[in-house]
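Everything below concerns the one structure shown next.
The values are calculated or read from the model by the stated rules, or taken from the named source; none is laboratory data. Just so you know, these numbers come straight off a predicted model, no measurement behind them. Glycine gets a Cβ as well: all are built from the backbone with ideal geometry, and neighbour counts include every protein chain shown. Remember, those area values only see protein heavy atoms, side chains included, never the ligands or the DNA or RNA. Shrake-Rupley method; radii C 1.70, N 1.55, O 1.52, S 1.80 Å.
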Protein chains: 2
Amino acid sequence: MKTVQEQLEIICQEAEEILPLEELQEKLERSVASGLPLRIKYGVDPTAPDLHLGHAVPLRKLREFQDLGHEVILLIGDFTARIGDPSERSITRPQLPPEIIEENAQTYTDQAFKILDKDKTTIEYNSNWFAKMSFEDVLKLAAQFTVARLLERDDFASRYAQEIPIGLHEFLYPIMQGYDSVALKSDVELGGTDQKFNMLAGRDLQKYFGQEPQVVITLPILEGVDGVKRMSKSQGNYIGLTEPPEEMFGKVMSIPDSIMIRYFKLATCLPEEEVKRIEKGLAEGSLHPAEIKRRLAREIVTIYHGKEAADRAQKVFDAKFKKVSGKTAVEQLATIEGFEIPEVVLPKQLFESGKIWVVKILTHCGLAKTNSEGRRLIQQRAVRINNELVTSVDLDIAVSDGDIVQVGKRRLVRLRIGN
Amino acid sequence: MKTVQEQLEIICQEAEEILPLEELQEKLERSVASGLPLRIKYGVDPTAPDLHLGHAVPLRKLREFQDLGHEVILLIGDFTARIGDPSERSITRPQLPPEIIEENAQTYTDQAFKILDKDKTTIEYNSNWFAKMSFEDVLKLAAQFTVARLLERDDFASRYAQEIPIGLHEFLYPIMQGYDSVALKSDVELGGTDQKFNMLAGRDLQKYFGQEPQVVITLPILEGVDGVKRMSKSQGNYIGLTEPPEEMFGKVMSIPDSIMIRYFKLATCLPEEEVKRIEKGLAEGSLHPAEIKRRLAREIVTIYHGKEAADRAQKVFDAKFKKVSGKTAVEQLATIEGFEIPEVVLPKQLFESGKIWVVKILTHCGLAKTNSEGRRLIQQRAVRINNELVTSVDLDIAVSDGDIVQVGKRRLVRLRIGN
């Protein structure tokens with residue numbers, strides 16, 4: 001077991017705030033002295049999300065706790081899910097059946113265990129305590145919070161100021177999250193900076209119930225590949241943990257240079273000093289941004305797919321973007337061992353007299369969202385079939401099984417003719 | 001059964017607001033057509049209050065509904081009482097045991113049945129539904145209200161503006177009161193103007209649960225004998241429904257002339273036209289305020305104690321306040337048949353060598369609150385014992401069983417020497 005000081009150093013790295021640090025130190029001291037692990041809580045929605053690099057920030061911190069010998073509790077908020085996400089005001093949405101919740105939790109953990117140590121992870125469901133809770137219990141919890149304090153929470157404050165309705169049940173959510181900490185007797189809770197208020201509510205309720213309050217650790221929220229908004233599925237700016245290596249590599253390469261260092265810090269395992277060295281090199285101009293970004297992409301892909309896949313992903317990326325000795329991207333790609341071009345089946349009924357409208361191929365393969373986007377891509381001379389430029393948007397063409405459709409330099413699909 | 005129009009006239013009299021009047025009319029029309037009574041809800045705290053003329057305002061309106069053939073439901077808020085009055089923030093107060101709640105309800109109804117018709121009154125307890133309610137149910141109810149709307153309630157708005165804490169559980173109270181209407185399927189709820197928000201919450205929840213919303217009737221809040229603040233026990237400005245006739249009469253005589261008409265309207269059974277006639281007479285100077293106030297006092301005492309007691313109370317009052325043919329107040333009082341001077345026991349241990357400090361007599365008998373008030377009364381030459389003026393505050397005196405202590409003109413106590 002590492003010393004308190006060593007543990008603190010690891011835990012503090014990249015954490016936004018530790019509230020309060022002294023209490024974390026005390027807890028660690030007791031843990032080291034007694035040999036008893038700390039209980040680290042992390043709350044999870046019982047939806048079936050595509051986990052992405054944004055989710056990975058807390059998960060990787062949890063993994064650090066595990067590696068230090070502590071116990072991680074993934075709390076599945078299945079009770080909360082019955083009611084609906086407050087920010088959506090959709091309280092009448094049907095209650096998720098237990099099988100679906102179980103399935104969603106499975107989907108979550110399948111991905112999360114790419115980062116977490118399964119054997120040191122406990123899964124809990126908050127319906128276990130909330131389903132049994134009486135109205136009287138709820139009133140007692142609610143009495144611990146004032147309306148003014150709840151209205152200080154950033155998102156509530158801004159909605160109230162902008163006259164965007166806040167349902168009263170939404171005020172109960174921080175309290176529920178807080179009570180989860182009581183039920184779990186957690187020593188530490190971690191989450192994004194946006195969770196700070198709710199996690200501090202846990203401290204209050206633990207004190208009210210005579211428990212030692214948990215330490216709250218807030219972690220930065222990772223920006224998406226646009227470099228501006230927080231990474232999220234709904235923004236379409238995310239890099240999923242289960243995305244194929246090539247896709248992941250390409251997406252990392254698409255981030256603006258300005259947030260490379262942030263990705264190094266929050267999404268790789270590089271030691272702090274190495275990140276500082278890179279930052280300095282970039283600032284001084286002794287390191288080239290494009291090369292550093294390739295390193296970043298390789299580091300990230302290695303975490304989720306291993307070194308070999310990362311190497312291949314880099315070759316694929318180079319094949320697509322670096323013009324080599326007059327070869328086409330497809331020809332270059334063909335030389336990469338183990339690389340598979342994604343395949344899409346075109347069902348026969350899409351054809352008329354053996355032919356199919358070229359724009360329809362693009363939309364069917366997901367290379368264009370709409371017919372007009374498809375037309376635009378063709379007009380921009382961005383579409384090739386078997387390396388041959390498509391020059392007209394009105395073309396009906398005959399395609400064969402195995403033909404390759406290419407949009408821009410990066411996007412490739414191999415066509416399969418279905419029945 | 002009276003016609004809809006006749007009923008409306010009676011119901012509307014002295015009501016502050018009827019929300020909405022058209023719906024009340026519709027409900028009455030259906031009731032008249034079907035012969036089915038309306039369900040009239042009135043909420044009652046399960047404390048053991050001294051009911052006073054302020055409480056009598058809604059109770060008398062309920063009685064009017066009963067006389068029109070409708071059903072009155074007294075809702076005892078026993079569940080609410082378990083948690084504590086929100087305005088006191090004392091949520092940890094011990095849960096009232098069912099026997100005490102039953103006893104308090106009994107105390108309440110014993111007094112209320114001086115006004116209500118017992119046979120047309122149903123008693124309900126809201127623990128019947130709230131004790132069974134789950135957290136999920138609570139969240140669904142809470143979701144029907146926005147924080148902004150709750151903050152619009154007058155008292156919440158002013159507390160929020162003044163930064164006086166509002167516990168989140170307090171926000172749940174209007175919702176609970178509203179849900180009571182759902183559980184009772186009430187057609188009408190009535191209460192003081194301060195209850196308007198909570199009663200309207202009932203309409204919202206009834207709609208949410210697919211019921212026809214109740215009509216809300218707000219009634220004026222009666223001022224206390226000071227003529228300024230609302231009548232309440234804590235303000236000490238109340239006239240209790242069970243006070244002895246003489247006490248009641250005297251208290252009514254002490255109200256300022258300016259609120260006599262309001263008392264006529266809200267606390268007597270006089271028809272509207274008669275009150276108008278009195279108002280006119282006072283304004284024109286053709287009626288004498290002191291005489292009108294004696295009438296008011298007699299009317300009120302008659303309601304709660306009958307005509308005979310009212311007559312006697314008037315004689316007692318006159319004996320105390322009207323100098324008649326040189327007789328002392330005590331001598332005059334002695335001539336009134338059936339009048340008893342209240343008695344107070346002085347325990348022997350209060351005496352030293354057979355004597356007692358005169359100020360101590362006043363405080364012990366409740367004729368002065370403090371020693372300094374007692375001294376002041378004596379210095380103001382307001383204290384007599386057996387009709388003899390007490391001239392010094394330092395007197396130790398010997399008193400005998402049956403002696404009469406008098407403070408000012410009105411307050412008399414007969415001393416009894418205890419063991």
So, of the residues in region A:344-372 that are surrounded by 14 or more Cβ atoms within 10 Å (Cβ to Cβ) and of a type outside the set (A, V, I, L, M), which turns out to be nearest to A:Val413 (Cα to Cα)?
A:Cys365
Cβ-Cβ distance below 6 Å, separation of 6 or more or different chains: which pairs start in region A:390-419 with a residue that is small (Gly, Ala, Ser) and end on one that is outside any strand (DSSP E or B)?
A:Ala398/A:Gly354; A:Gly408/A:Ala382; A:Gly418/A:Pro347
Which residues, taken from region B:124-139, are closer than 24 Å to A:Tyr173 by Cα and surrounded by 15 or more Cβ atoms within 10 Å (Cβ to Cβ)?
B:Trp129, B:Phe130, B:Met133, B:Ser134, B:Phe135, B:Glu136, B:Asp137, B:Val138, B:Leu139
For the list (1) open to solvent by less than 10 Å² (accessible area, probe 1.4 Å); (2) at pLDDT 90 or above; (3) among the aliphatic types (A, V, I, L, M), I need the number of the one condition that A:Leu68 fails.
(1)
Which of the residues belonging to region A:226-240 are farther than 30 Å from A:Tyr179 by Cα, surrounded by fewer than 21 Cβ atoms within 10 Å (Cβ to Cβ) and in contact (Cβ under 8 Å) with a residue 60 or more places away in the chain?
A:Gly240
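Only one of these is open to solvent by 50 Å² or more (accessible area, probe 1.4 Å), among the charged types (D, E, K, R) and within 15 Å of A:Gly191 (Cα to Cα): A:Glu17, A:Glu26, A:Glu6. Name it.
Numbers: A:Glu26 fails: within 15 Å of A:Gly191 (Cα to Cα); A:Glu6 fails: within 15 Å of A:Gly191 (Cα to Cα).
After applying the criteria, what remains is A:Glu17.
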Could you grab me the full set of residues in region B:101-136 that are among the aromatic types (Phe, Trp, Tyr) and not in a helix (DSSP H, G or I)?
B:Phe113, B:Tyr125
Conditions (1) away from chain A (no Cβ under 14 Å); (2) of a type outside the set (A, V, I, L, M, F, W, C); (3) in contact with a Ser or Thr (Cβ under 6 Å, 6 or more places away or on another chain); number of the one not met by B:Asp119:
(3)
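Condition check ((1) more than 27 Å from B:Asn419 (Cβ to Cβ); (2) modelled with pLDDT under 90) across all residues:
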{"residue": "B:Gly354", "(1), (2)": "no, yes"}
{"residue": "B:Leu362", "(1), (2)": "no, no"}
{"residue": "B:Lys369", "(1), (2)": "no, yes"}
{"residue": "B:Gly374", "(1), (2)": "no, no"}
{"residue": "B:Leu377", "(1), (2)": "yes, no"}
{"residue": "B:Gln380", "(1), (2)": "yes, no"}
{"residue": "B:Val383", "(1), (2)": "no, no"}
{"residue": "B:Val399", "(1), (2)": "no, yes"}
{"residue": "B:Ile404", "(1), (2)": "no, yes"}
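Can B:Glu299 be described as loosely packed, with under 15 Cβ neighbours inside 10 Å and either of a type in the set (Asp, Glu) or assigned to a loop (DSSP other than H, G, I, E, B) (or both)? Lay out the reasoning, then the answer.
Numbers: loosely packed, with under 15 Cβ neighbours inside 10 Å: no; either of a type in the set (Asp, Glu) or assigned to a loop (DSSP other than H, G, I, E, B) (or both): yes.
Criteria not met by B:Glu299.
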Restricted to region B:155-185 and to residues being of a type in the set (Phe, Trp, Tyr) and open to solvent by less than 10 Å² (accessible area, probe 1.4 Å), the residue nearest to the other protein chains (Cβ to nearest Cβ) is B:Phe171
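I need the helices (runs of 4 or more DSSP H) fully contained in region B:1-67, keeping only those with at least 1 residues that are more than 30 Å from the chain's Cα centre (by Cα) and over 17 Å from B:Leu270 (Cα atoms). If you could, list the steps in order and put the result at the bottom.
Working: elements: B:4-12, B:21-34, B:53-67.
Filter on region B:1-67 gives B:4-12, B:21-34.
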Which condition number does A:Glu223 fail, the rest of (1) open to solvent by 20 Å² or more (accessible area, probe 1.4 Å); (2) farther than 14 Å from A:Ala56 by Cβ being met?
(2)
Just give me the residues in region B:265-286 being outside any helix (DSSP H, G or I) and in contact with an Asp or Glu (Cβ under 9 Å, 6 or more places away or on another chain), in sequence order.
B:Thr268, B:Cys269, B:Leu270
For region A:186-218, how many residues meet the condition of being under 18 Å from A:Asp137 (Cα atoms) and either surrounded by fewer than 19 Cβ atoms within 10 Å (Cβ to Cβ) or within 14 Å of another protein chain (Cβ to nearest Cβ) (or both)?
8
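Can you confirm whether region B:78-100 contains a residue that is assigned to a loop (DSSP other than H, G, I, E, B), closer than 29 Å to B:Asp187 by Cβ and modelled with pLDDT of 85 or more? Don't jump to the end; show me each part of the working.
Taking region B:78-100 as the starting set, the residues that turn out to be assigned to a loop (DSSP other than H, G, I, E, B) are B:84-85, B:89-97.
Within this subset, residues satisfying the condition of being closer than 29 Å to B:Asp187 by Cβ are B:85.
Narrowing the set further to residues that are modelled with pLDDT of 85 or more leaves none.
Checking region B:78-100: not a single residue is assigned to a loop (DSSP other than H, G, I, E, B), closer than 29 Å to B:Asp187 by Cβ and modelled with pLDDT of 85 or more.
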Members of region A:34-62 that are loosely packed, with under 15 Cβ neighbours inside 10 Å and at pLDDT 95 or above
A:Ser34, A:Leu36
Which members of region A:140-154 meet the condition of being open to solvent by less than 60 Å² (accessible area, probe 1.4 Å), of a type outside the set (Phe, Trp, Tyr) and either closer than 21 Å to A:Asp194 by Cβ or at the interface with chain B (Cβ under 7 Å from one of its Cβ atoms) (or both)?
A:Ala142, A:Ala143, A:Thr146, A:Val147, A:Ala148, A:Leu150, A:Leu151, A:Arg153
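Per-residue answers, yes or no, for (1) farther than 23 Å from B:Glu64 by Cα; (2) at pLDDT 85 or above; (3) of a type in the set (Lys, Arg):
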site	(1), (2), (3)
B:Thr268	no, yes, no
B:Pro271	no, yes, no
B:Ala297	no, yes, no
B:Glu308	yes, yes, no
B:Lys320	yes, no, yes
B:Ser325	yes, no, no
B:Glu331	yes, no, no
Being of a type in the set (A, V, I, L, M) and farther than 11 Å from A:Val405 by Cβ is the filter here; which residues of region A:338-376 pass it?
A:Val345, A:Leu350, A:Ile356, A:Val359
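Does A:Met253 meet the test of being open to solvent by less than 10 Å² (accessible area, probe 1.4 Å) and more than 14 Å from chain B (Cβ to nearest Cβ)? So that I can check it myself, show each step before the final result.
Values: open to solvent by less than 10 Å² (accessible area, probe 1.4 Å): no; more than 14 Å from chain B (Cβ to nearest Cβ): yes.
No; evaluated as a whole, the condition is false for this residue.
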